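Only the coordinates and a few stated rules stand behind these numbers; no lab work does. In this text, all values refer to a predicted model and were calculated from it rather than measured experimentally. Cβ atoms come from the backbone with ideal geometry, glycine included; neighbour counts cover every protein chain shown.
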Amino acid sequence: MDSVSVLIGGKAGFGIDKSGFIIGRLLNRLNYRIYIYRDYPSLIRGGHTFSIIRAANERILTHRNKVDFILALNQDTLDLHKDRLKNNSVVIYDSDSVKAEGLPSAGKTIAVALGKIMKEENAQEIMRNTCIIGAFCKAAGMGWDTLEGILRKEISKEIDINLKVCRRGFDAAQEIAKVEPLTQKALPLLSGSVAAGLGLINAGLKSYLAYPMTPSSPLLHFLADVASEFALKVIHPESEIGVILMGLGFSYMGQRAAVGTSGGGFCLMTETLSLSGMAELPIVIVVGQRPGPSTGLPTYTAQTDLHFVLNAGQGEFVRFVVAPGDAEEAYYWSGFAMNMSWKYQIPAIILLDKTLAEGIYNFDATLIKEIKEETPLLWDRQSPYKRYLNAEKGVSPLAFVPEKDTVIKANSYEHDESGITTEDPKATKMMQDKRLRKEKYLAQDLEQYEGVKVYNDKNPSGALLCWGSNKGPCLEVAQNLGLKVIQPLVLSPFPVKQFKEALIGVKRLICVENNATGQLSRLLKVHGFNTDDKILKYDGRPFSADELEQAVKEVLR
Amino acid sequence: MNQLNLGTYASNTWCPGCGDFAILNAIKAVLAELNSEGHPLEKTVLVSGIGCHAKIVDYINANSFYSIHGRVPPVAEAIKLANPEIKVICFAGDGDAYGEGIEHLIFAAKRNIDITMIIHNNRVYGLTTGQYTPTSPLGFKGRSTPEGTKELPINPLELMLASGATFLARGYTHGIELLKRLFKEAILHKGFSLVDVLQVCVTYFNMYDYYTSKVYELSGHDPQNFDAALNKIREWDYNRDAPIGLGVFYKKEMSAFEDKFLKVSGLSPQERETRIKKILEESA
């Protein structure tokens with residue numbers, strides 16, 4: 001696949017993230033398919049931050065280690081990333097602060113005196129980023145007008161001076177490559193978090209609660225930004241414990257709520273997760289994974305909380321767990337999780353990883369089915385109301401306060417059908433059976449949906465097995481190497497039948513995960529499936545397509 | 001609902017003589033009164049934590065959320081936010097509200113959200129059979145502190161005043177008429193209200209005689225005056241011997257948290273879809 005990759009790097013506080021997004025939008029406007037990888041440390045000023053913006057003529061969901069352009073706003077960017085250069089790569093750098101010496105290949109360099117330009121234009125230092133984007137635009141042979149349009153849209157503060165310094169950068173560079181516009185239609189460009197947020201809204205979200213924690217904060221920020229537009233209550237309470245309890249309060253009142261966090265925050269939520277299971281109060285929990293244990297690497301990526309979310313909370317109760325792999329799946333399955341949570345009155349967990357939550361993807365609505373808010377089972381107002389009626393499928397009809405002459409009791413204790421506490425052995429067993437019975441019907445229900453995705457299924461005997469954002473690199477590698485890809489989306493209740501079908505013809509199953517112990521592989525073992533090889537990466541960084549391809553080749557050798 | 005049936009079939013398992021009975025009887029009377037005065041029972045939700053106090057929701061035939069230990073306020077706050085017409089009356093113990101869940105209580109007071117907290121403050125853990133709580137006096141010998149506690153109690157009313165609560169009162173389970181008055185006034189107060197009830201645990205910390213010899217009803221006190229309230233609240237610190245005032249210590253009208261949110265919740269599915277489409281188009 002033809003693609004062009006641009007790395008922009010500097011210190012935190014240089015506006016690298018925003019610049020990466022602007023470059024992404026620029027290439028998107030030329031109708032390329034885009035993926036942006038964002039790499040930043042856990043600090044506000046200093047350190048090293050970079051983004052890799054990759055553009056291709058067809059859909060991509062991952063970055064490559066090798067890049068075609070490096071835009072260096074400081075020396076670190078060149079020193080740390082020079083190995084990514086190819087023979088014909090282009091380095092654009094700030095000649096006032098960077099020395100472009102000792103670069104490994106005979107690539108081209110463009111020196112732009114960013115500091116000098118800032119001084120001459122009386123611009124703030126942060127605007128060096130707009131200036132270097134201008135230089136990149138020219139070097140890549142893209143027209144000025146498109147860039148100007150995007151800057152006007154993306155930059156709200158001091159646009160005139162930004163445009164001025166950008167133009168200076170543009171004029172200071174020479175055209176080296178020609179990135180031609182494509183004829184296909186441009187697609188929306190958004191993060192996995194925004195996609196998940198839109199999916200939740202579409203399925204009837206009324207309130208979103210979260211305590212800030214990377215990598216789930218972008219979802220909080222997005223929903224807070226659109227709260228008035230969608231009449232949502234978006235609240236940041238005192239702690240993750242307060243967050244999920246408030247979620248259940250809304251749920252008790254019949255209002256669809258979702259909460260978001262990462263592993264550490266989810267630890268605090270587990271007692272209330274169990275309450276959701278016992279009191280049969282629907283709640284959607286978005287868990288963005290990052291490397292642990294403990295604080296770990298807050299701003300990096302991992303897939304280490306699969307078994308945690310599958311088993312969290314005291315006691316035995318049914319839960320729905322789904323791990324989307326790209327923006328479209330984040331949208332669709334977030335809405336789906338909301339519907340399932342209400343249909344079965346269970347907690348539903350959407351398991352993201354930092355790569356998906358903060359990565360920027362194109363969103364192709366044609367790839368997913370429509371998802372609509374579904375009405376849950378409601379009380380018919382005929383028979384006297386019992387909140388925990390021992391119904392055949394375990395799902396008791398819902399009623400919400402206020403309802404005249406009707407009492408609605410939720411209870412964390414074991415309770416009878418009316419919600420009054422009981423310690424009676426018969427009632428205890430009956431109610432536990434009632435709650436657990438829901439799993440069977442949920443599993444049957446799920447059979448109609450693609451809980452396990454299979455790609456490249458022309459009978460190759462080798463398959464890559466992945467979940468979450470690893471779908472991206474796996475798809476690309478599998479295409480290059482002629483392998484099948486199996487991606488379980490639903491992880492609880494595990495779609496055993498669908499997985500069995502996905503395995504037909506597979507002789508070698510290679511499990512690809514961002515953790516040190518092979519968590520999906522372990523889950524499969526419980527269900528009687530064995531993986532042949534494991535490719536595990538747990539340094540906080542996601543697989544890039546070229547890196548994974550190398551690793552798979554080694555396994556297959 | 002002609003005859004308000006507030007009882008349930010749940011058998012009462014509080015110890016004979018437990019102060020919780022007074023709270024139960026007082027709140028039932030208040031609920032009935034409110035119902036006849038135009039606030040229908042179905043627009044009330046009771047929330048409880050875990051502990052002896054919490055059984056109260058099993059004993060009242062009204063909407064309820066029997067929550068978990070220490071976690072009453074966030075549940076109650078969300079119920080209020082979901083529908084501001086609902087009166088949310090919360091019951092919590094001192095171990096529960098002032099111990100494990102203190103962060104929630106402070107934040108609920110800080111937000112001045114219109115919920116009512118009734119604290120069954122018996123200054124001992126009853127259901128776990130007699131350990132000290134955040135309001136047990138220094139040197140309290142409980143099962144986890146056989147030599148006596150080594151820490152001073154907190155004064156919950158002082159803490160709540162500092163946190164932003166706009167209605168603070170103290171009651172005593174020996175004196176149901178005052179309890180009724182305080183509960184009703186607290187429920188009708190627009191904003192965060194808390195009634196700290198000196199509720200006697202006859203089994204693990206029987207303070208009847210002590211309290212009866214120390215309590216008096218506040219009179220001539222101006223509850224609108226913050227400094228006067230603070231002084232009165234500090235008269236007894238839950239530790240040393242001092243007169244124990246009962247009644248309303250502080251009352252102030254302030255805007256409530258729930259009024260700062262949009263009245264509507266969510267959009268029609270069509271409107272939602274249109275706006276989602278617009279966001280997607282703008283992201284291209």
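Across peptide B:255-268, the average count of Cβ atoms from other chains found within 10 Å of a residue's Cβ is 3. Highest mean packing first, where packing is the average number of other Cβ atoms within 10 Å per residue, the peptides A:34-45, A:172-183, B:42-53 line up as B:42-53, A:34-45, A:172-183. Taking the DSSP beta bridges with both ends in the stretch A:408-501, the antiparallel portion is around 60 percent. For chain B, averaging the sequence separation of C-alpha pairs within contact (under 8 Å, six or more residues apart) and dividing by the residue count gives a relative contact order of 17 percent.
Peptides A:82-88, A:222-228, B:122-128 ranked from most to least packed by the mean count of surrounding Cβ atoms within 10 Å: B:122-128, A:222-228, A:82-88. Over all directions, the projected convex hull of the C-alpha atoms in the stretch A:377-449 averages 5.7 nm² in area.
Taken residue by residue and averaged, Cβ atoms of other chains lying within 10 Å of the Cβ of A:205-217 number 1. What is the ratio of the Cα radius of gyration of the stretch A:189-367 to 2.2 N^0.38 Å, where N is its residue count, to two decimals? Cα-based Rg divided by the globular estimate yields 0.91. Gyration tensor over the Cα atoms of chain B: the corresponding equivalent ellipsoid has semi-axes (square roots of 5 times the eigenvalues, largest first) of 35, 22, 20 Å.
Exposure proxy ranking for A:Cys474, A:Cys137, A:Cys267, based on other Cβ atoms within 10 angstrom of each Cβ and starting from the fewest, stands as A:Cys267, A:Cys137, A:Cys474. A prolate overall shape is assigned to the stretch A:242-301, the ratio a/c of its alpha-carbon gyration tensor axes (a ≥ b ≥ c) being 1.5 or greater and a/b exceeding b/c.
Take each residue in B:37-47, count the other chain C-beta atoms within 10 Å of its C-beta, and the mean is 3.
Beta bridges from DSSP with both residues in the stretch A:3-172: antiparallel share about 55 percent, rounded to the nearest 5. Using C-alpha pairs under 8 Å with a sequence gap of at least 6, the mean separation divided by the residue count of chain A gives a relative contact order of 12 percent. Distance from the Cα centroid of the stretch B:20-63 to that of the stretch A:420-499 is 44 Å (rounded to whole angstrom).
When peptides A:162-168, A:310-316, A:186-192 are ranked by their average number of other Cβ atoms within 10 Å per residue, the highest-first order is A:186-192, A:162-168, A:310-316.
DSSP assigns beta bridges within the protein assembly as shown; of those with both partners inside it, close to 30 percent run antiparallel. Rounded, prolate or oblate: which one fits the stretch A:3-172, using the alpha carbon gyration tensor with axes a ≥ b ≥ c (rounded when a/c is under 1.5, else prolate when a/b beats b/c, else oblate)? Verdict is rounded for the stretch A:3-172. Each Cα pair under 8 Å and six or more residues apart adds its separation to the average, and for the stretch A:189-367 the resulting relative contact order is 30 percent. Taking the empirical scaling 2.2 N^0.38 Å for compact globular proteins as reference, the stretch A:452-556 has a Cα radius of gyration ratio of 0.96. For the protein assembly as shown, what is the calculated [θ] at 222 nm in deg cm²/dmol (nearest 500), taking -39500 (n - 2.57) for each run of four or more DSSP H residues and dividing by its residue count? Theoretical 222 nm ellipticity from helices: -10500 deg cm²/dmol.
Here the extension length gained between A:Ala365 and A:Val496 equals 44.3 nm, from 0.36 nm per residue of separation less the Cα-Cα distance. Bridging of A:Lys409 to aspartates and glutamates at a Cα separation below 20 Å is possible for A:Glu271, A:Glu280, A:Asp380, A:Glu417, A:Glu423, A:Asp424, A:Asp433, B:Glu42, B:Asp58, B:Glu77, B:Glu85, once same-chain residues fewer than 8 apart are set aside. Which links in A:Lys438/B:Lys80; A:Lys440/B:Lys277; A:Lys86/A:Lys471; A:Lys393/A:Lys471; A:Lys369/A:Lys507 stretch past 28 Å when you go from one Cα to the other? Violating the 28 Å Cα-Cα cut-off are A:Lys438/B:Lys80; A:Lys440/B:Lys277; A:Lys393/A:Lys471; A:Lys369/A:Lys507. Principal axis extents of the C-alpha atoms in the protein assembly as shown (largest first, rounded to whole Å): 94, 65, 56.
Within the stretch A:266-309, the ratio Rg/Rh, alpha carbon atoms throughout and Rh by Kirkwood, equals 1.04. Averaging Cα coordinates gives a centre for the stretch B:81-143 and one for the stretch B:218-263; these two points are 17 Å apart.
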